[in-house]
Amino acid sequence: MSKGAEHTDRDLELRDVTKRFGTFVAVHRVSLTVERGQFVCLLGPSGCGKTTTLRIVAGLEDADEGEVWISGVRANDTPPWKRDIAMMFQDFALFPHMTVRKQVGFGLEMLGRPKEEIRRRVPETLATFEIDALAERKPDTLSGGQKQRVALARALITEPRILLLDEPIGSLDFSLREAVMLELKNVQRRLRISFIWVTHDQNEAFSLGDKVVVMNHARIEQVGSPEVIFERPRTRFVASFIQGNNVFDGVVESVQDGRVRVQTPVGGFVVPVRETESPLKGAGVSFSVRAELLTERPGPEHVNRVPATCRAVEYLGSVRRYDLRLPDGRSVKLEQFAASPTRIDEGEQVTLGWRVEDGVLHAGADQIR
Amino acid sequence: MSTLRQRSPVSYALAMPAALWMLGALVVPTLFIVWVSFWASRSFSLGSPLALINYAKFFQRPAYVKVLLDTFQQTLILMAITLVLGYCIAYFAVVQVRRPHWKLGLFLVLVIPFWTSALIRTIAWIPFLGVTGVINQALLFLGVVGQPVGAFLYSRTGITLAQVSFYTLLATGPVVYVLRNIPVSLREAAQCLGATPARVFWRITVPLTLPGVVIGQILVFLNVMADFATASAIGGNKHAYLGNIVVLLYDSGQLPFASVMAVLLMLCMLGGVAVLLKVVDIRRLGIP
């Protein structure tokens, strides 16, 4: 596998990958790198192209354009059965006619490993994943959590470089998910293989991923650490997709000292400019402010202010979340620690404020709808 | 869902009409045939003494035993051909053809011939197979043969060709059904585990479609065993299977002996189905 190898510290690199189904563009010029042992989450709404991207990596779909590099080798023409990649399917795709033992040994058998090695390693793997008691059972007698372990053991026994996971906990009971998530994270850390985890659940993506890739309409909207995605949403889509952002649309009124003044239907606000952007006066833009950065008791540093009426209060244990209505009828969210001494009552009128640096101006041409 | 409990009196009452119908139209006549097969006299009489003489007569005549063996042989040949052909058609239609309108088109091409009666379909083979038929004309035109081949019509080859065309779909249908119920992700998962397409086929697809194969083979087995029309129309009078002998004896009024044939045919069928069901438990047709 060393012929023409490059970037061997990278488990995966996608270069401008595009995939069409007829006239429908499923993946548009997606570029992505996965460093060795990285945990990458593809996050986005259903139909955004995240699963297709995963299938292209697995070789189950061919990229129409662009290149797929696996462990430094161009893999566009490598069929799935020759790629050093394992995949976990949403429905686990366990073979109904095979016992757990047979199932877990399938990968080694297909690789043509000696019988002796299979006889030794299957029980080891069964023990590692604590499914040795299920060895002679068939999948239809297993619970969801057990199936999940079997699928994981089956995928990992061949020690692949990358494990692809398509909504791997989506079909599990809610109560199981947290524990399974932690377990998978531990497995990934222990084996030091790359995980590419597809999900539409931002909590999964943020708590697991070293790197989160937000996709929408076949494109990558933003790539970054969970903190970056959370605190500095790059586009209007990311801001509106990630919970807790209040998004404002408006027009640039003036640009000065790395700040813009944006005129919106509910007033003018000052927002810092992203380093990479240089908005022009009169351009349509959007920006967002996180719910927990708004305050109902603005001080002198809270330059941006807007009147609002409280519509509903949600008590979530550690925080209280308020739903407030702006003068133009749109709603904003405000979160405060439940321990905070002040409260807003339903129907109360308040003035919301936030600091200039709390606003995040969005990039791209698709900001205004 | 209905709330009818399994063994409530209502459910028995509801099952009654069908049960009576089955009893009157199937069970009683079948028992009657068995009874008649033991009649010792030729005449139609309820008081006829019972004996094994008809069965003895059958097995003492090598010609009849040969017909029995021929019937079995023909059935096995048909099962082998329809197994391979039917599976290929099913696999192609379900796995290879992806576009829905192609699937529909293929389905119609396969099914439309069966909208006409079996008789028409049988007779339609004659202008194909005859000495001046389509096949011979084509072979002559292509220069494959120098003179027309007489072996197509009124021959075992002709019967086999026609039967293959009639019964392949019986082998295809159940496989299509089972194949469609296998999630694509199973084949993909096997590929991701390093299985080449050939190994995916033999290790995943074939074992999971086995119930469909067996059901299809039971249908082919039963139909070919009982088929007499094809042999008489396309085989001329030169070839006979058990079904033909039953008809022949019935026509000549030898009811007890015809019944012996019918009973033997039934026993063969029961035995064959029992063997096939041993291969796979069709009650477990449900794939997740």
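Residue under question is residue A:38, and the condition is that it be touching an Asp or Glu at 6+ places or on another chain (Cβ under 9 Å), within 10 Å of chain B (Cβ to nearest Cβ) and either surrounded by fewer than 21 Cβ atoms within 10 Å (Cβ to Cβ) or acidic (Asp, Glu) (or both); does it hold?
no
Look through B:178, B:206 and report the one residue that is of a type in the set (Val, Ile, Thr), in a helix (DSSP H, G or I) and touching a Gly at 6+ places or on another chain (Cβ under 7 Å).
Being of a type in the set (Val, Ile, Thr), in a helix (DSSP H, G or I) and touching a Gly at 6+ places or on another chain (Cβ under 7 Å) holds for just one of B:178, B:206, which is B:178.
From the set of residues in the range B:162-175 that are of a type in the set (A, V, I, L, M, F, W, C) and surrounded by 22 or more Cβ atoms within 10 Å (Cβ to Cβ), which is farthest from the other protein chains (Cβ to nearest Cβ)?
That would be B:162.
Do we have any residue at all in the range A:63-86 that's in a strand (DSSP E or B) and under 28 Å from residue B:206 (Cα atoms)?
Among the residues of the range A:63-86, at least one is in a strand (DSSP E or B) and under 28 Å from residue B:206 (Cα atoms), which makes the answer yes.
How many residues does the range A:50-92 contain that are modelled with pLDDT of 95 or more and at positive phi?
Adding up the residues that qualify gives 2.
For residue B:18, work out the one condition from (1) exposed (fewer than 11 other Cβ atoms within 10 Å of the Cβ); (2) in a loop (DSSP other than H, G, I, E, B) it doesn't fulfil.
Against the list (1) exposed (fewer than 11 other Cβ atoms within 10 Å of the Cβ); (2) in a loop (DSSP other than H, G, I, E, B), residue B:18 comes up short only on (2).
Taking the options A:223, A:228, A:247, A:238, name whichever one is closer than 30 Å to residue A:306 by Cβ and in a strand (DSSP E or B).
Sole residue among the options that is closer than 30 Å to residue A:306 by Cβ and in a strand (DSSP E or B): A:247.
Check the range B:95-103 and report whether any residue there is touching a residue at least 12 places away in the same chain (Cβ under 8 Å) and among the basic types (Lys, Arg).
no
Does any residue of the range A:104-124 turn out to be touching a strand residue (DSSP E or B) at 6+ places or on another chain (Cβ under 7 Å) and either touching a residue at least 60 places away in the same chain (Cβ under 8 Å) or surrounded by fewer than 19 Cβ atoms within 10 Å (Cβ to Cβ) (or both)?
No - not one qualifying residue is present in the range A:104-124.
Among (1) touching an Asp or Glu at 6+ places or on another chain (Cβ under 6 Å); (2) closer than 23 Å to residue A:236 by Cβ, which single condition is residue A:319 missing?
So residue A:319 meets the others, but not (2).
Within the range A:118-131, identify whether any single residue is under 17 Å from residue B:185 (Cβ atoms) and part of a helix (DSSP H, G or I), and answer yes or no.
No, every residue in the range A:118-131 fails to be under 17 Å from residue B:185 (Cβ atoms) and part of a helix (DSSP H, G or I).
Looking at the range A:203-217, which of its residues are of a type outside the set (A, V, I, L, M, F, W, C), part of a helix (DSSP H, G or I) and crowded, with 24+ Cβ neighbours inside 10 Å?
Within the range A:203-217, no residue meets the criteria.
Does any residue of the range A:197-220 turn out to be among the aromatic types (Phe, Trp, Tyr) and closer than 30 Å to residue A:305 by Cα?
No, the range A:197-220 contains no residue that is among the aromatic types (Phe, Trp, Tyr) and closer than 30 Å to residue A:305 by Cα.
Quick check on my filter: what residues within the range A:140-163 are in contact (Cβ under 8 Å) with a residue 60 or more places away in the chain and more than 12 Å from chain B (Cβ to nearest Cβ)?
A:152, A:161
Name every residue in the range A:57-95 that is at the interface with another protein chain (Cβ under 9 Å from one of its Cβ atoms), touching a Ser or Thr at 6+ places or on another chain (Cβ under 7 Å) and surrounded by fewer than 18 Cβ atoms within 10 Å (Cβ to Cβ), in order of residue number.
Those that are at the interface with another protein chain (Cβ under 9 Å from one of its Cβ atoms), touching a Ser or Thr at 6+ places or on another chain (Cβ under 7 Å) and surrounded by fewer than 18 Cβ atoms within 10 Å (Cβ to Cβ): A:90, A:91.
Just need a number here: residues in the range B:234-248 that are part of a helix (DSSP H, G or I) and crowded, with 19+ Cβ neighbours inside 10 Å.
Total meeting the criteria: 6.
State all residues of the range B:190-205 that are of a type in the set (Gly, Ala, Ser), touching a helix residue (DSSP H, G or I) at 6+ places or on another chain (Cβ under 8 Å) and free of Cβ contacts under 8 Å to residues at least 12 places away in the same chain; if no residue qualifies, say none.
B:194, B:195
For the range B:197-207, what are the residues that are surrounded by 15 or more Cβ atoms within 10 Å (Cβ to Cβ) and at the interface with chain A (Cβ under 7 Å from one of its Cβ atoms)?
B:199, B:204 - these are the residues of the range B:197-207 that are surrounded by 15 or more Cβ atoms within 10 Å (Cβ to Cβ) and at the interface with chain A (Cβ under 7 Å from one of its Cβ atoms).
With (1) in a helix (DSSP H, G or I); (2) within 14 Å of another protein chain (Cβ to nearest Cβ) as the list, and residue B:194 as the residue in question, which single condition is left unmet?
Against the list (1) in a helix (DSSP H, G or I); (2) within 14 Å of another protein chain (Cβ to nearest Cβ), residue B:194 comes up short only on (1).
Please work out which one of (1) surrounded by fewer than 17 Cβ atoms within 10 Å (Cβ to Cβ); (2) over 29 Å from the mean Cα position of the chain (by Cα); (3) not hydroxyl-bearing (Ser, Thr, Tyr) is the condition residue A:182 fails and give its number.
(2)
Just the residues that are assigned to a loop (DSSP other than H, G, I, E, B) and either of a type outside the set (A, V, I, L, M, F, W, C) or farther than 15 Å from residue A:363 by Cα (or both), please, taken from the range A:250-284.
Result: A:257, A:258, A:265, A:266, A:274, A:275, A:276, A:277, A:278, A:279, A:281, A:282.
Whether any residue in the range A:308-319 is among the aromatic types (Phe, Trp, Tyr) and buried (at least 16 other Cβ atoms within 10 Å of the Cβ) is what I want to check.
No, there is no match, as no residue in the range A:308-319 is among the aromatic types (Phe, Trp, Tyr) and buried (at least 16 other Cβ atoms within 10 Å of the Cβ).
Going by the conditions given, is residue B:219 over 16 Å from residue B:79 (Cα atoms), at pLDDT 90 or above and in contact with a helix residue (DSSP H, G or I) (Cβ under 8 Å, 6 or more places away or on another chain)?
So residue B:219 does not fit the description; no.
The values are calculated or read from the model by the stated rules, or taken from the named source; none is laboratory data. These figures come from a predicted structure and were not determined experimentally. For neighbour counting, all protein chains shown are included, and Cβ atoms are generated from backbone atoms with ideal geometry for every residue, glycine included.
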